[in-house]
């Protein structure tokens, strides 16, 4: 009885091993390997494009924040000399710069409030 049991266990293990080996053999054919590599390359390319887009968006956002904080976006300009002087915005900035490019200087928006 013991011999029959171990013989059945051995036969079952052999069948399982052969099935696994056939699956592996089928999965490593040149065509399958090429397909797998192509899918991996496409997925990697998409991930790199997505990452690059996120980096570009973050850089643009940070640049706009820095420009706003430093007053380099052209939204806040004041005429020199009078600390409580007129703050120029929008088209007034362009008009003042056209009249005299050196007469308008950038100021910190927090100081003008």
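Rule-based calculations on the coordinates, nothing more; no lab input. Quick caveat: nothing in here was measured; it's all calculated off a predicted structure.
Checking the a/c ratio against 1.5 first, then a/b against b/c, what shape does the Cα gyration tensor give for the range 1-71? Since a/c reaches 1.5 but b/c is at least a/b, the shape of the range 1-71 is classed as oblate. One decimal place: the segment residue 5-residue 60 gains 12.6 nm when fully extended, by the rule 0.36 nm per residue minus the C-alpha distance.
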